[in-house]
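Structure first, commentary second.
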Amino acid sequence: MDRKIYLDNASTTYVSSDVIEEMTPCFNVMYGNPGSLHAFGREAMALVDKARDRVKEAIHAKKANEIYFTSGGSEANSWALVGVAKANANKGKHIITSQIEHDSVLKTCKYLEQEGFEITYLPVNSTGLVNLPELLHAIRKDTILISIMSINNEVGTIQNIKTIAKIAHDYGILFHTDAVQAIGNLKMDVQDMEIDLMSMSAHKIHGPKGVGALYVKSGVSIDPIIFGGEDQERGVRGGTENVPAIVGFGKAIELATKNQFVNNKIIKDIRDYFVSKLTERVQFIKINGHPHQKSNAIVNVSFYGVEGESVLMLLDLAGICVSTSSACTSKSSLPSHVLKAMGIADDVAQSSIRFSFGTNISKSDVDYVVDELDKIVTKLRAISPIQAGRI
C-alpha cells in the first residue's frame with residue numbers, strides 16, 4: 001500500500017519546513033553554548049532569548065522571563081506540580097486535579113502522594129467536562145494547587161479554564177493547566193484567563209520533539225526538579241539549553257498562533273466532513289466527548305462490537321495511521337482511563353479509535369479512510385459478532 005494518510009496529529013506532527021530552516025544553522029554555524037561568555041555563546045543566548053520572546057507573545061504573557069524551556073510537556077507538567085507542591089508545602093499539602101489528565105500529571109500526583117501530599121481526583125461528566133460544583137466541594141483550607149488540562153488529548157473536550165482559574169483565585173489557590181493540545185487550537189491568553197502556570201510542547205504544533213516550556217507567572221514560588229548551573233533558565237531548571245530545539249519551538253509557536261484562525265477553519269471543515277461521512281456509512285458507532293465544546297482536531301469514535309486495536313492494525317495495513325488513545329499509553333492493553341472516567345464501559349472503551357487531523361488532509365483522504373473503515377468494521381463484526389447494536 002503506497003498511500004499514506006496520517007490521522008494521529010494529537011500524538012505528534014511533522015516538523016514544518018520553516019521551522020527546520022530556522023533550526024538548521026544552530027547545528028553547525030551558531031552552535032555555541034548559551035552559558036559561554038564568548039561571542040559564540042552570546043550568539044546562542046540571543047537565539048534562546050528570541051524564542052522566549054516568541055513564546056511570550058504567543059501566549060500573551062506579561063514578561064519573557066516567565067517562560068522556562070523544558071524537554072517537553074511531560075517535564076513541564078511534572079515540574080509544575082512537584083515544584084509548586086514543594087515550594088508551597090508550608091501553606092498546605094492538598095492538590096486538586098481531574099481523573100482525565102495526561103499520565104504525566106496523574107503519575108506525578110501519585111508520586112506526590114508518596115511524599116505526603118493529598119490529591120483529589122475530580123470526576124467528569126459523560127462529555128468529559130469537570131463538574132464545577134464538584135470542584136467547589138473539593139476545595140479545602142490547605143489546597144495549594146488546582147491542575148486541569150485545557151483540551152483533553154483523547155476526546156478533545158475543552159474545559160472551562162477561565163472559570164476554573166477564577167474559582168482557584170477566589171480561594172487563594174494557584175492554577176496550572178496542561179495546554180499541550182490547546183496551543184494552536186485555542187487562544188491561550190494567560191493574563192486574561194488568569195493562568196498561573198501553563199505547560200506547552202513543540203511537537204504538537206509542527207515543531208521538534210524533545211522541547212517544551214512552562215509558563216510561571218511572576219511571583220509564583222516554584223522549586224527546581226532538575227539542578228544545574230545558576231545561569232541555566234535563571235537557576236531553576238538545570239541543563240545546557242537545547243538551542244536548535246528551542247529555536248524551532250519559538251518559530252513553531254509563532255506560526256501556530258499567527259495562522260490559528262485559518263488552520264482551525266481548514267481542520268474543522270475536514271473534521272465535519274469526516275464525521276458526516278462516517279456516520280452515514282458505518283453503523284453502531286458513538287462519538288465520544290463534548291458535542292460542541294471540543295477541539296476541531298480530535299474525533300474519538302467507539303465502534304461497537306469490535307476491538308479498537310484490531311481496527312488500528314488493519315487501518316495501518318491500509319496506510320492509515322490512527323491511535324487507540326494517548327500516544328504515551330497506546331501500547332497498554334487496558335481501557336482508556338479517560339473513557340472510563342466518562343462512564344464508558346470497558347468493552348466500548350476498548351473499541352475506540354482517536355482520529356486527529358492536520359491541515360494536510362483532503363476530502364479524498366477522508367473518503368478513502370471511511371471506505372476502509374466500513375470494510376474493516378464489517379469484516380471484524382462478521383468474524384466476531386458481538387452485540388454491536390446495543391448502542
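Here are the numbers for this structure:
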read-out: Structure-based [θ]222 nm, the chain - -39500 (n - 2.57) summed over DSSP H runs of at least 4, per residue, nearest 500; value: -12000 deg cm²/dmol
read-out: Per principal axis, descending, Cα span of the chain in whole Å; value: 67, 53, 33
read-out: Two-site FRET efficiency, HIS137 against THR163, from Cβ-Cβ distance with R₀ of 22 Å, rounded to 0.05; value: 0.90
read-out: The chain: angle of helix 243-258 to the longest principal axis, Cα-based, in degrees nearest 10; value: 60 degrees
read-out: For segment 210-295, convex hull of alpha carbons as volume per residue, Å³; value: 189 Å³
read-out: Residues of type aspartates and glutamates that LYS162 reaches as a straight line, Cα spacing below 18 Å, ignoring anything fewer than 8 places off in the same chain; value: GLU101, GLU134, ASP170, ASP178, ASP189, ASP192, GLU194, ASP196
read-out: Equivalent ellipsoid dimensions for segment 153-242 as semi-axes, Å, which come from the Cα gyration tensor, largest first; value: 24, 20, 9
read-out: Potential extension, GLU21-ALA46 segment - 0.36 nm per residue separation minus Cα distance; value: 7.3 nm
read-out: Under 14 Å, Cβ to Cβ, from PRO25 - net charge with Lys/Arg +1 and Asp/Glu -1; value: -2
read-out: Peptides ranked, highest mean first, by Cβ atoms within 10 Å: ranges 355-361, 299-305, 177-183; value: 177-183, 299-305, 355-361
read-out: Euclidean distance of C-alpha centroids, segment 254-307 and segment 171-194, integer Å; value: 23 Å
read-out: Charge sum, other residues only, whose C-beta stays under 12 Å from GLY128's C-beta, Lys/Arg counted +1 and Asp/Glu -1; value: 0
read-out: Segment 259-363: Rg to Rh, with Rh as the Kirkwood radius over Cα pairs; value: 0.96
read-out: Binned Cα-Cα distance frequencies in segment 1-128 - 10 Å width, integer %; value: 10, 24, 29, 23, 12, 1, 0
read-out: Equivalent ellipsoid, segment 15-87 (semi-axes from 5 times Cα gyration tensor eigenvalues, Å); value: 25, 16, 13
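Laboratory data are not the source of any read-out in this text; all were calculated from the coordinates shown. For clarity, every value in this text was computed on a predicted model and none was experimentally measured. Here Cβ is always computed from backbone atoms with ideal geometry, including for glycine, and neighbour counts include all displayed protein chains.
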